[in-house]
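Here it is: the structure, laid out below.
The values are calculated or read from the model by the stated rules, or taken from the named source; none is laboratory data. Just so it is clear, the model here is predicted, and its values are computed rather than measured. Using ideal geometry, Cβ is built from the backbone for each residue, glycine included, and neighbour counts are taken over all protein chains shown.
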Amino acid sequence: MLDKLAKHNELWLKMLINLGADVDEAKDLVQDMYLKVYDHPNNYNIGYGENDVNKYYVYHILRSLFIDKIRKNKRKIIVPLDFPIEDLDTDYNYEKDEYLNDLSDKIRDYISNWNVYDKRLLELYFGFQTNKDNTNIQESITQRELARQTGISLSSIHNSIANIKSELFDKFGEDIEDYFNGDFK
């Protein structure tokens, strides 16, 4: 996996520099990320398919390492204004991102007609926001915790979630598969 990560070394450096790290600090943090993944390969699922790396997940690892370093040093972040930004979007797939946004909007439109219980269960269990205007990321809650907090039986919650999954899969399964296969319409 490290060889796949190393292929994107320049991208990792650019990500850290955009966060405010200087070049030497960015190089150190990228090396720390490599060590972290190497030391704990089962804890980091950075594979994306067979031949690609989940760049978003690696970004979160790098950002976490950078924030930890800032907290330790208790220093201010200074973003260099002369950094060439035009090189940063070379690997970014705008079409894929647009397709995902459109698919999310279709799903939100579809579930807008659901009853309040199913909508709220979807939000709490999956962390999916049913309101297009709400951009807050919400952590998901386990079924047992939902049962404890609401007083609804675990089996009822489990059955409702199974029905939600089934209905969404029937309606959007092919679109989601197209997204992961890179077959954007």
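When only residues in region 99-138 that are surrounded by 12 or more Cβ atoms within 10 Å (Cβ to Cβ), β-branched (Val, Ile, Thr) and at pLDDT 80 or above count, which is farthest from GLN149 (Cα to Cα)?
ILE107
Please go through region 46-70 and pick out each residue that is exposed (fewer than 15 other Cβ atoms within 10 Å of the Cβ), charged (D, E, K, R) and at pLDDT 80 or above.
Matches in region 46-70: ARG63, ASP68.
Can you pull out the residues in region 158-177 that are free of Cβ contacts under 8 Å to residues at least 12 places away in the same chain and of a type in the set (Asp, Glu)?
GLU167, ASP170, GLU174, GLU177
Just name the residue that is nearest to LEU168 (Cα to Cα) out of those in region 139-156 that are small (Gly, Ala, Ser) and modelled with pLDDT of 85 or more.
SER156
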